[in-house]
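Everything on this sheet refers to the single structure shown next.
Readers should treat all values here as calculations from the given coordinates under stated rules, not as data from a laboratory. Just so it is clear, the model here is predicted, and its values are computed rather than measured. Note that we place each Cβ from the backbone using ideal geometry, even for glycine, and neighbour counts take in every protein chain shown.
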Amino acid sequence: MLAHVAVMEFEDYNPVDVIAAVNELLPLGKEQALAQIGAARPQGYGLFWLLRTLFDLPEGQAFPPVLLGQPSIPPPANPQAIPRFPILIVQDVPLLVVGGYFLGGFPEPVEAHIRYFQAHGLLRAAPLAPPGASDVLLAEFQERWALAYGSAYSAEAAAVVKGQLARVFG
């Protein structure tokens with residue numbers, strides 16, 4: 001699954017694949033998980049999303065920004081509202097809340113994030129275990145979105161997330 005996530009583009013983003021990769025890597029421990037991620041030879045952006053889902057950070061440590069250009073939806077004014085931006089984990093489902101990035105130069109290599117999580121990351125405490133239905137999950141997403149953005153970008157974010165939830169729940 002890791003090889004599949006490594007080549008994932010924005011339009012291909014599937015939370016199910018990220019969940020499977022996280023749950024495969026978690027039992028390996030931090031060092032081996034990062035070694036496998038580093039060896040995956042990324043050709044897409046999926047490893048950024050995988051790292052943000054696989055790792056937690058100590059209190060007071062922020063997730064590094066993803067420097068791929070300008071996101072289609074900017075980060076919230078309060079970074080703590082969505083600390084893993086552009087990933088928002090709702091009921092163990094990692095949702096990518098942007099439709100893409102507008103590149104204005106060279107994208108940051110994922111290796112910079114691998115080094116960051118090597119230095120600061122803590123593996124998540126438990127495997128991801130998403131719920132069996134999407135209705136409560138969508139409601140929680142909308143509630144958390146409103147806390148972060150008010151009504152701004154809600155239509156765009158809802159469209160992106162509903163597509164991902166369809167992949168998760170069929």
Would you mind classifying the range 7-59 by shape? Square roots of the alpha carbon gyration tensor eigenvalues, ordered a ≥ b ≥ c; an a/c under 1.5 is rounded, otherwise it is prolate if a/b is larger than b/c and oblate if not. prolate
Taking amide H positions as placed 1.01 Å from N in the peptide plane, with prolines and chain starts having none, which residues 5 or more places from Val90, or on another chain, fall under 5 Å of its amide H? Leu95
Just how far, in whole angstrom, is the range 62-84 from the range 88-150 if you go by their alpha carbon centroids? 10
Please list the non-local residues whose amide H lies under 5 Å from the amide H of Ile73, H modeled 1.01 Å from N, same-chain partners needing a gap of 5 or more. Gly99, Gly100
Per residue, the convex hull volume that the Cα atoms of the chain enclose (Å³): 110
For the chain, with the dipole built from +1 on Lys and Arg beta-carbon atoms and -1 on Asp and Glu ones, taken about the Cα centre, which of Tyr45, Tyr116, Val22 lies farthest toward the positive end? Tyr116
Could you tally the net charge around Gly163, taking each other residue with its Cβ under 13 Å from the Cβ of Gly163, Lys/Arg +1 and Asp/Glu -1? -1
Under the rule a/c < 1.5 gives rounded, and otherwise a/b versus b/c splits prolate from oblate, where does the range 106-170 land using the Cα gyration tensor? prolate
Taking the Cα centre of the chain as origin, work out the dipole magnitude from +1 charges on Lys and Arg Cβ and -1 charges on Asp and Glu Cβ, in debye rounded to 20. 160
